[in-house]
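Note sheet for the following structure.
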């Protein structure tokens, strides 16, 4: 077993929110296309997207605090690995 990463709980929350964000998006689009009221679905979707943005920013703060972004291969692109066209 590997030791737990500091972002494990945040990653799980991001996945949870992303799943339900997709579900709410499908429900909102379905309501719009069928002519049913979609305001409630859209507001719930907005709340999920805001929470998702907060979680992603929180994950970035954890990684910066832990110094994981400074190590090669952990969230940064190496200059030799990027391609320009």
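Computed from the coordinates by the stated procedures, all read-outs in this text should not be read as laboratory data. Computed from a predicted structure; not experimentally measured. Positions of Cβ are generated from backbone atoms using ideal geometry, with glycine treated the same way; all protein chains shown enter the neighbour counts.
For residue 53 and residue 1, a Förster radius of 25 Å and the Cβ-Cβ distance give a FRET efficiency of 0.20, rounded to the nearest 0.05. If you bin all the Cα-Cα distances of segment 21-65 at 10 Å, starting from zero, the percentages per bin are 29, 36, 20, 12, 3.
With each label modelled as a point 7 angstrom along the Cα→C-beta vector, the residue 44-residue 61 pair spans 2.8 nm.
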